[in-house]
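The next block holds one structure in the form of structure tokens; read it before the comments.
What follows draws every value from the coordinates through simple rules; no lab data is involved. The structure displayed is predicted, hence computed values, not measured ones. For neighbour counting, all protein chains shown are included, and Cβ atoms are generated from backbone atoms with ideal geometry for every residue, glycine included.
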Amino acid sequence: MEKIYMIPVNDAYMADCECPICFLKKKAENDYLDYYLGPSLMEPDTRKITNKTGFCPEHMGKLNKRETARLGLGLMLHTHLKDLSEDVTKDIKAAAPGKATLLKGRSSEYKSKLNAIADKIDKRVASCPICEKINYSLERYLEVIMYMFSKDSDFRARFAERKSHCLPHTAMLLRSAASNLSQNDVSDFINLLADNNAIQFSELIADVEWFTLKFDYRNNDKPWGNSKNAIQRSMRFLSADRSDFDEQQGKK
Ligand SMILES: [Zn+2]
Ligand SMILES: [Zn+2]
């Protein structure tokens, strides 16, 4: 088992965070954003890939937000746009069907052509080396979580104490347990996961409910409790913290 993945997994399970896998994902994402905005942005080997793939909408936004390496990004985008344009523009033009006339009957062949080009555009827009690398790292991290759960009693205790995993990462844990754990280990693992998951659901449900009840003037003077950020916490729980649900700057 690869040791380089064990330390971050241990750190994540000891960190004060809502989901240790979100914690690992965020760290990997930041490392890869740094990587693609660093010297590699100009390296021919990296450029060969990024010219072709570009980045997905979410990571393009995050690269842009860093406000750095503007020249490198510009050069990459210039080649990427040319590549896309060659791939897509002609296809779109060629997909226009001839007009139906009395002599030449109608045909619905063009419809599947339009859908095929749309699929191709969707695929190209979504392609992203940062997503690929994050997914690869998360797969390794999940294997390590399963390995440590079955072999390392300290880690097992830590996992048991861990109150929360977001829902998308709970799904990843279920899949990884199915392919990496023995039946007896799955039995322990799933019982812990299920109990903690149920607690988390009921806490969020209660907190969101209290958030809504605070809009009732009769509750004006009652304390918020844990409800002030209930919306953001619920969204992070449902989305694996995919987007910007930060609570700072007084956003409520
Ligand atoms: Zn998560
Ligand atoms: Zn991406």
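Checking the cross-link pairs Lys62/Lys133; Lys62/Lys228; Lys26/Lys62; Lys26/Lys120 against a 22 Å limit on the alpha carbon distance flags Lys62/Lys228; Lys26/Lys120 as lying beyond it. Toward the positive end of the charge dipole of the chain, with +1 on the Cβ of Lys and Arg and -1 on the Cβ of Asp and Glu, the farthest Cα among Gly54, Ile145, Ala178 is that of Gly54. Sorting Arg218, Arg162 from the fewest to the most surrounding beta carbons within 10 angstrom yields Arg218, Arg162. For the chain, the fraction of C-alpha pairs farther apart than 32 angstrom is 45 percent.
Can you tell me which of Gly38, Gly54, Gly98 moves the most in a GNM of the chain? Springs connect C-alpha atoms under 10 Å apart. Largest GNM mean-square fluctuation: Gly98. Across the chain, the mean sequence separation of Cα contacts (distance under 8 Å, 6 or more residues apart), normalised by length, yields a relative contact order of 23 percent.
What dipole magnitude, in Debye to the nearest 20, does the range 163-252 give about its Cα centre under +1 on Lys/Arg Cβ and -1 on Asp/Glu Cβ?
300 debye
Scalar couplings 3J(HN,Hα) for the range 182-197, obtained by applying the Karplus form with A = 6.51, B = -1.76, C = 1.60 to θ = phi - 60°, are 6, 4, 5, 5, 4, 4, 5, 4, 6, 4, 5, 4, 5, 4, 5, 5 Hz; x denotes Gly and Pro.
Annotation for the range 94-141: GluC sites (Glu not before Pro) lying in DSSP loop with at most 10 further Cβ atoms inside 10 Å of their Cβ do not exist. Taking other residues whose beta carbon is less than 10 angstrom from the beta carbon of Glu203, and scoring Lys, Arg as +1 and Asp, Glu as -1, yields +1.
Here's the list of lysines a cross-link from Lys113 could span, going by alpha-carbon distance under 24 Å and ignoring same-chain residues fewer than 8 apart: Lys52, Lys82, Lys90, Lys93, Lys99, Lys104, Lys123.
Treating r as the C-beta distance of Glu109 and Val88 and R0 as 22 Å, the FRET efficiency rounds to 0.65. Loop-located trypsin sites (Lys or Arg not before Pro) in the range 1-60 (DSSP state other than H, G, I, E, B) with a sparse environment of at most 12 neighbouring Cβ atoms within 10 Å are absent.
Hey, got the dipole for the chain? About the Cα centre, +1 on K and R Cβ, -1 on D and E Cβ, debye to the nearest 20?
Once rounded to the nearest 20, the dipole reads 1300 debye.
In the range 163-252, the alpha-carbon atoms span a convex hull of 93 Å³ per residue. For the chain, Cys17 have no disulfide-compatible partner, since no other Cys C-beta lies under 4.7 Å from theirs. Derived scalar couplings between HN and Hα for the range 83-89 equal 4, 5, 4, 4, 6, 10, 4 Hz in order, rounded to whole Hz, by the Karplus curve 6.51 cos²θ - 1.76 cosθ + 1.60 (θ = phi - 60°), x for Gly and Pro.
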